[in-house]
Amino acid sequence: MSLRSLVEECKVAKEMLFITLRDSADKKISKASIEIRTGRKWSVTKADEHAESSLRHQLTDGATNKRREGLGHGQQPH
């Protein structure tokens, strides 16, 4: 494995740990402000906020046309 893929795997593991702790059924764990240690350039909380805002934007924006598609091209979401 390359170094880049190892770093990406580490980021994914830390993100999964963050989500598991944040969404825990145990109130003490979910309310505790547990800080997951990361490097200087990447933060798990900022990555989570970015991912959630991207999903919110995708939900509000809906299906958009790509390249040279005209208006009304494709199926409308229900």
message = Can you tell me which of (1) at pLDDT below 90; (2) more than 14 Å from the chain's Cα centre (by Cα); (3) not basic (Lys, Arg) is the one residue 55 doesn't meet?
response = (2)
request  = Report, ordered by the first and then the second residue, all pairs with beta carbons closer than 9 Å, sequence separation of six or more or different chains, a first member in the stretch 21-50 that is of a type in the set (Ser, Thr, Tyr), and a second member that is assigned to a loop (DSSP other than H, G, I, E, B) and at pLDDT 90 or above.
outcome  = 30/23; 30/24
key: Breaking point among (1) at pLDDT 90 or above; (2) surrounded by 10 or more Cβ atoms within 10 Å (Cβ to Cβ), for residue 26   = (2)
Residue count, the stretch 1-18 (criterion: loosely packed, with under 13 Cβ neighbours inside 10 Å, of a type outside the set (Gly, Ala, Ser) and either under 14 Å from the mean Cα position of the chain (by Cα) or assigned to a loop (DSSP other than H, G, I, E, B) (or both)) = 4
message = Exactly one of these conditions fails for residue 39: (1) assigned to a loop (DSSP other than H, G, I, E, B); (2) surrounded by 12 or more Cβ atoms within 10 Å (Cβ to Cβ); (3) of a type in the set (Gly, Ala, Ser). Give me its number.
response = (2)
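The values are calculated or read from the model by the stated rules, or taken from the named source; none is laboratory data. In this text the structure is predicted, and so the values were computed from the model without any measurement. Every residue, glycine as well, gets a Cβ built from its backbone with ideal geometry; the counts of neighbours run over all protein chains shown.
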